[in-house]
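Okay, so here's the structure we're looking at.
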Amino acid sequence: MIVIADDITGAAEIAGIAFSKGHQVSLVCGSSVCCDNFAAQTTVIATDTRSTTETEAVAETKRIAKVHKRNRPLCVLFKKTDSALRGHVVAELSTLMQATGYERAVYMPANPSKGRIIKDGVYYINGKPIHETDFSFDPEFPAKTSVLKERFPDAEAKGIIMPDACSEEDIRQVIAAYDDGKTIFAGAADLFSALLNANHGDRPSDSQNCPHDTQNTLILCGSTQSKALDLGIAIAPMPREIYDGSCDLSLWNTEAYGKSGSIILTIPHTHRTGKEIAVHLRTVMAEMAKLLVNEHCPDHLIIEGGATAWATLQALGWKDFQIVRQIAPGVVQMSATNGTLVTLKPGSYPWGNLF
């Protein structure tokens, strides 16, 4: 099975689900996808297209589809999308269909297991229409309507079906109706899990307790909303000067890393908002992480926040991973090609039993 995800934490979540069901799983960052990346039973391709323009998203989708098509005929293709309707959904799905020859796509962003359903074409989160939730304030993809046909008015004309889903049984019925080899399935984690069960059965992994304790650990808390971690590890907060716009990393005191063997980088300030500051923060965090990785060679790199994770892994040049453990839904450990253990956690998810 091949999965294309429009952000890296979504990719990690899907990879964790496949791993928990007994699959050999690899996760590849989109920029490094080539014909040698598809040996694993499930290959998850992480892109950053949700953060790009629609034109850039279409170009990257075309590139990945061409590489995969040259490698072998597509068997099962899944497109991981956000469960809150964000992203360039119609543009990417229509591009995939054109590039691969699939006749249609089923788009189901519902996650009934998490209270996110579609009823009579309207998207609800815990009983509330999505446009009445905080997702209406999203800076890039605000939910101005909860009606899927209004949110994606050109979907049906482009062969994209958007069925209702109020339960996991509804999802299973949709899969049974369209799993004919001519359909791309796209959506959230509940749809992917049900599709795996339909195609391969549920075979729990026997590697859930893979050892993960390490001595030399670098933790990046990339969100300004991160909760404090009391782990007995030295904490190095981002200086106010760097937060406010300076890129002089020498201002950041990380001497404690050399003394204690581990460190946590945090962002203790919250007085600036907007895309510009978000890009600045993840870029600075990634560059500091690169300096510390090169100097201290951590055994374990833990990254909280999808945007920070993408920026950091790109800065390090780490693009190919093997999944080794799912800690909790969305919290996944991977092994980089140099042997470093990498744990990714979405900013809004709990840490699970990592610590």
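The values are calculated or read from the model by the stated rules, or taken from the named source; none is laboratory data. Computed from a predicted structure; not experimentally measured. Methodologically, a virtual Cβ is constructed for each residue, glycine included, from the backbone with ideal geometry; neighbour enumeration extends over all protein chains shown.
May I ask you to verify whether A157 is small (G, A, S), more than 24 Å from the chain's Cα centre (by Cα), over 24 Å from T95 (Cβ atoms) and not in a loop (DSSP other than H, G, I, E, B)?
Working: small (G, A, S): yes; more than 24 Å from the chain's Cα centre (by Cα): yes; over 24 Å from T95 (Cβ atoms): no; not in a loop (DSSP other than H, G, I, E, B): yes.
When the stated conditions are applied, A157 does not pass them.
Looking for whichever is closer than 20 Å to T49 by Cβ and surrounded by fewer than 17 Cβ atoms within 10 Å (Cβ to Cβ) here; the options are K275, K259. Which one fits? Talk me through it step by step, then tell me what you get.
Details: K259 fails: closer than 20 Å to T49 by Cβ.
After ruling out the rest, the residue left standing is K275.
Could you look through region 170-196, keep only residues that are outside any helix (DSSP H, G or I), among the hydrophobic types (A, V, I, L, M, F, W, C) and within 19 Å of K114 (Cα to Cα), and pick out the one that is modelled with the lowest pLDDT?
First pass over region 170-196, keeping only residues outside any helix (DSSP H, G or I): 179-188.
Now restrict to residues that are among the hydrophobic types (A, V, I, L, M, F, W, C): 184-186, 188.
Restricting the remaining residues to those that are within 19 Å of K114 (Cα to Cα) gives 186, 188.
Values: A186: 97, A188: 94.
The qualifying residue modelled with the lowest pLDDT is A188.
Which one of the conditions (1) out of contact with any Gly (no Cβ under 7 Å at 6 or more places or on another chain); (2) at pLDDT 75 or above; (3) closer than 24 Å to A309 by Cβ; (4) surrounded by fewer than 16 Cβ atoms within 10 Å (Cβ to Cβ) does P211 fail to meet, given that it meets all the rest?
Only one criterion in (1) out of contact with any Gly (no Cβ under 7 Å at 6 or more places or on another chain); (2) at pLDDT 75 or above; (3) closer than 24 Å to A309 by Cβ; (4) surrounded by fewer than 16 Cβ atoms within 10 Å (Cβ to Cβ) is unmet by P211, namely (2).
Got at least one residue in region 112-133 being under 20 Å from the mean Cα position of the chain (by Cα) and among the aromatic types (F, W, Y)?
no
When region 94-145 is examined, which residues are found to be in a loop (DSSP other than H, G, I, E, B), modelled with pLDDT under 95 and under 21 Å from D179 (Cβ atoms)?
G101, Y102, E103
Please go through region 1-21 and give me each residue that is in contact with a Phe, Trp or Tyr (Cβ under 6 Å, 6 or more places away or on another chain) and within 17 Å of V89 (Cα to Cα), ordered by number.
Scanning region 1-21 gives V3, I8.
Is it fair to say G347 is within 19 Å of the chain's Cα centre (by Cα), in a loop (DSSP other than H, G, I, E, B) and modelled with pLDDT under 95? Even if it seems obvious, please write down each step before you answer.
Values: within 19 Å of the chain's Cα centre (by Cα): yes; in a loop (DSSP other than H, G, I, E, B): yes; modelled with pLDDT under 95: yes.
It is true that G347 is within 19 Å of the chain's Cα centre (by Cα), in a loop (DSSP other than H, G, I, E, B) and modelled with pLDDT under 95.
State yes or no: is S167 on the phi < 0 side of the Ramachandran plot, among the polar types (S, T, N, Q) and at pLDDT 90 or above?
yes
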